[in-house]
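The values are calculated or read from the model by the stated rules, or taken from the named source; none is laboratory data. Because the structure is a prediction, the values reported are computed rather than measured. As a convention, Cβ positions derive from the backbone with ideal geometry for all residues, glycine included, and neighbour counts pool all protein chains shown. Calculation scope for accessible area: heavy atoms of the full protein, side chains included, ligands and nucleic acids excluded. Shrake-Rupley method; radii C 1.70, N 1.55, O 1.52, S 1.80 Å.
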Amino acid sequence: MTFDVRLRPVREDDLVEFFLHQQDPEANRMAAFGPEDPSDHREFARHWARVLTDPANVVRTIEVDGEVVGHVTAFPVGDHTEVSYWIDRARWGRGHATTALTALLRELPRPVYARAAKDNAASLAVLRKCGFVVVGEDSGYANGRGAEVQEWLLELPTDGPDLGGH
């Protein structure tokens with residue numbers, strides 16, 4: 001089956017969908033490093049206000065066949081750029097994250113970095129399909145699991161796959 005996956009700037013009404021996606025306990029467990037309280041709408045609104053008003057961030061809504069299914073972001077961490085994404089669990093396993101991340105990477109200079117919980121095989125597969133390689137490991141407290149979680153640090157090197165961008 002072929003899907004029409006598109007990225008576009010985030011609109012205010014997208015936040016309603018993002019908040020609904022964030023309510024899924026399994027999605028929070030897999031993402032691991034999400035909000036302390038996914039049901040806290042005020043904190044959600046504060047977070048997204050910061051994300052959307054920071055000109056250093058690149059934030060896109062992911063639409064599939066005209067329906068909002070998630071978001072993909074690039075943001076500064078220290079002196080480098082890191083990427084992240086969230087797909088509605090009802091849409092997992094269909095290639096939407098890979099397609100969206102590939103499109104976002106076309107907009108970004110290299111290198112680009114990412115993190116994923118070591119046991120999040122699906123997210124690691126997305127990152128590897130996009131050309132990321134493991135360059136280290138870390139751990140941190142994960143709100144989505146209420147525990148320390150081991151994670152892989154990944155890099156899309158300067159000489160990584162040509163995605164039609166930089």
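A crude spin-label estimate for the pair residue 4 and residue 41, with each label 7 Å from Cα along the Cβ direction, gives 3.2 nm. GNM remark for the chain: springs join alpha carbons under 10 Å apart, and the peak mean-square fluctuation among 156, 52, 104 falls on 52.
Pull out a ≥ b ≥ c, the square roots of the eigenvalues of the alpha-carbon gyration tensor of region 1-71, then state rounded if a/c is under 1.5, prolate if not and a/b is larger than b/c, and oblate in the remaining case. It comes out oblate by the Cα gyration axes. In the chain the longest region clear of trypsin sites (Lys or Arg not before Pro) that are loop-assigned by DSSP and have at most 15 other C-beta atoms within 10 Å covers 12-93.
Which is farthest toward the positive dipole end of the chain among 130, 120, 30, measuring Cα position about the Cα centre, with Cβ charges +1 (Lys, Arg) and -1 (Asp, Glu)? Going by the charge dipole, the pick is 130. FRET efficiency for residue 138 and residue 73, Cβ-Cβ distance as r, R0 = 22 Å, nearest 0.05? So, using R0 = 22 Å, E works out to roughly 0.70. Sequentially through region 27-44, phi angles give Karplus couplings (6.51, -1.76, 1.60; θ = phi - 60°) of 5, 5, 5, 5, 5, 6, 9, x, x, 4, 10, x, 8, 7, 5, 5, 5, 4 Hz, Gly and Pro residues having no value and appearing as x.
In order along region 5-20, the phi-based Karplus estimate (6.51 cos²θ - 1.76 cosθ + 1.60, θ = phi - 60°) of 3J(HN,Hα) comes to 9, 9, 9, 8, x, 6, 10, 4, 5, 5, 4, 4, 5, 4, 5, 4 Hz; Gly and Pro are listed as x.
Measuring nothing but protein heavy atoms, the accessible surface of region 11-166 at 1.4 Å probe radius is 51 percent carbon and sulfur. Computed from phi, the 3J(HN,Hα) profile of region 82-96 under the Karplus parametrisation 6.51, -1.76, 1.60 (θ = phi - 60°) reads 10, 10, 8, 7, 9, 10, 3, 4, 4, 10, 4, x, 10, x, 5 Hz, with x in place of Gly and Pro.
So if R0 is 35 Å, what FRET efficiency would residue 107 and residue 147 give, r being the distance between their Cβ atoms, rounded to the nearest 0.05? Efficiency for this residue pair is about 0.50. Model label sites at residue 29 and residue 11, defined 7 Å from Cα along the beta-carbon direction, differ in position by 3.5 nm. Rounded to 0.05, the FRET efficiency of the residue 54 and residue 90 pair, given R0 = 41 Å and the Cβ-Cβ distance, is 0.90.
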